[in-house]
1. Can you pull out every residue in region 268-281 that is at pLDDT below 95 and small (Gly, Ala, Ser)?
2. Going by the conditions given, is residue 104 outside the structural domain of residue 198 (by TED's automatic domain parsing) and crowded, with 20+ Cβ neighbours inside 10 Å?
3. Just to be sure I understand the filter: pairs with C-beta atoms under 8 Å, separated by 6 or more residues or on different chains, first member in region 16-30 and assigned to a helix (DSSP H, G or I), second member among the acidic types (Asp, Glu). Which pairs pass?
4. Name the residues in region 143-158 that are surrounded by fewer than 20 Cβ atoms within 10 Å (Cβ to Cβ) and either of a type in the set (Lys, Arg) or closer than 20 Å to residue 259 by Cβ (or both), would you?
5. Taking residue 199 as the residue in question, decide whether it is of a type outside the set (Val, Ile, Thr), over 14 Å from the mean Cα position of the chain (by Cα) and buried (at least 24 other Cβ atoms within 10 Å of the Cβ).
6. Out of the residues in region 171-201 meeting the condition of being outside any helix (DSSP H, G or I) and of a type in the set (A, V, I, L, M), tell me which one is nearest to residue 253 (Cα to Cα).
7. Which ranges mark the helices (runs of 4 or more DSSP H) fully within region 38-150 that have 1 or more residues being closer than 29 Å to residue 282 by Cβ, of a type outside the set (Val, Ile, Thr) and without any contact (Cβ under 8 Å) to a residue 60 or more places away in the chain?
Amino acid sequence: MEYSGKVDKVDKVGIGIIGCGNISAAYLQGAANFPVLDIRGVADLHAPAAQGRATEFGVPYQTVEALLADPSIEIIVNLTIPAVHVEVGLQVLHAGKHVYSEKPLGTTTAQARSLLEAADVRGLRVGCAPDTFLGGAQQTCRKLVDAGAIGQPVAGTAFFLCPGHERWHPNPAFYYAQGGGPMLDMGPYYITALVNLIGPVARVSGSTLRARSQRRITSEPLNGSMIDVEVATHVAGTLEFVSGAVISIATSFDVPKHRHSPIELYGTEASLLVPDPNHFGGQIELARPGEDWQAQPTEHGWADGILRSIGVADMAHALRAHRPHRASGALAFHVLEVMEAFQLSSDTGRHVPIASRPERPAMLPTLQTVNKATSAWRFEHAEHA
């Protein structure tokens, strides 16, 4: 099937946003690139934050109560802090609306399970970040793996290592409170990318470390303030996949500098350098035995642009087409179960089996050109070409 003309009308989906902190700007900016998304209101318990975002992006301001009651809104995007993701998500479901949450889905699997169960009872959907695995770089890597470019995946590495978020975030305390830490903060990007590439995880082994009990903020406006550290700040271990592949992973807020690639996959035929899964693009390289690394063109999915909100857009199109959405609650729950297992493994000194088994999300269609006029058609229909 070939596209034969401009999209004249998009069956838009009403969207509300609860939580107007740092990440909300990226969602609002990205949403403008997806015609299916109709932002009907932004809300925050701190009203000035929501009013500021409403003015900045030219969207309506609403109170949280009004947003939940608005009949024109079908999906609410939950951008609150991790500690209340499930609490707010349940409020959204009880209001009869679908919910798309920032990562992680919850701070524990017990919490997150209650959210999925509530959605099932009401016949509603749960979506969850990250959606970076829908970017052109990660989708191209998925295409290469599925096409057998590296042979059978055997092993790999995944590393997120940094000195800590108190260097740049204006209010970083929640990163070091219960529900925070490098694994729950950055692990979703890496583990989601790996599940997208090679399928679900079967079991986990891990070791964790809390290097300091307090940390000094060096960002503004709290420069010089001390914050307590309640969680492990260095988490390392091994992911054993249902496919048989074994991946070494480490996430840390305690590493001044390093030289590891974000993700490397090693197969029976070749090795693949996968770009930073916290971004939608990046350089892909592949090397076969005896050969140098060769750059691979990004040719599958969206290669560039402001793509935050692509997971919400896919969920909106999925509602209209009555198909599964890709950044699903089931996928996010699996990732949370895996992340939770690292601390459990470290505490008990044993492997932890992973019970959930989500299917890999469907690949996005191959896109040659993307712009605001054609993206909605291609997003929903080109996959059937």
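The values are calculated or read from the model by the stated rules, or taken from the named source; none is laboratory data. Because the structure is predicted, anything quoted here is derived from the model rather than measured. Glycine gets a Cβ as well: all are built from the backbone with ideal geometry, and neighbour counts include every protein chain shown.
1. Selection gives 281 alone.
2. Values: outside the structural domain of residue 198 (by TED's automatic domain parsing): yes; crowded, with 20+ Cβ neighbours inside 10 Å: yes.
The answer is yes for residue 104.
3. Close Cβ pairs satisfying both conditions: 23/102; 25/56; 28/56.
4. 143, 155, 157
5. On the way: of a type outside the set (Val, Ile, Thr): yes; over 14 Å from the mean Cα position of the chain (by Cα): yes; buried (at least 24 other Cβ atoms within 10 Å of the Cβ): no.
So residue 199 does not fit the description; no.
6. Start the filter on region 171-201 by keeping residues that are outside any helix (DSSP H, G or I), which leaves 171, 177-181, 199-201.
From the residues that got through so far, the ones that are of a type in the set (A, V, I, L, M) too are 177, 201.
Numbers: 177: 13, 201: 24 Å.
In this case the residue turns out to be 177.
7. On the way: elements: 47-57, 64-69, 85-94, 109-122, 136-146.
Where helices (runs of 4 or more DSSP H) fall fully within region 38-150 and carry at least 1 residues being closer than 29 Å to residue 282 by Cβ, of a type outside the set (Val, Ile, Thr) and without any contact (Cβ under 8 Å) to a residue 60 or more places away in the chain, they are 47-57, 85-94.
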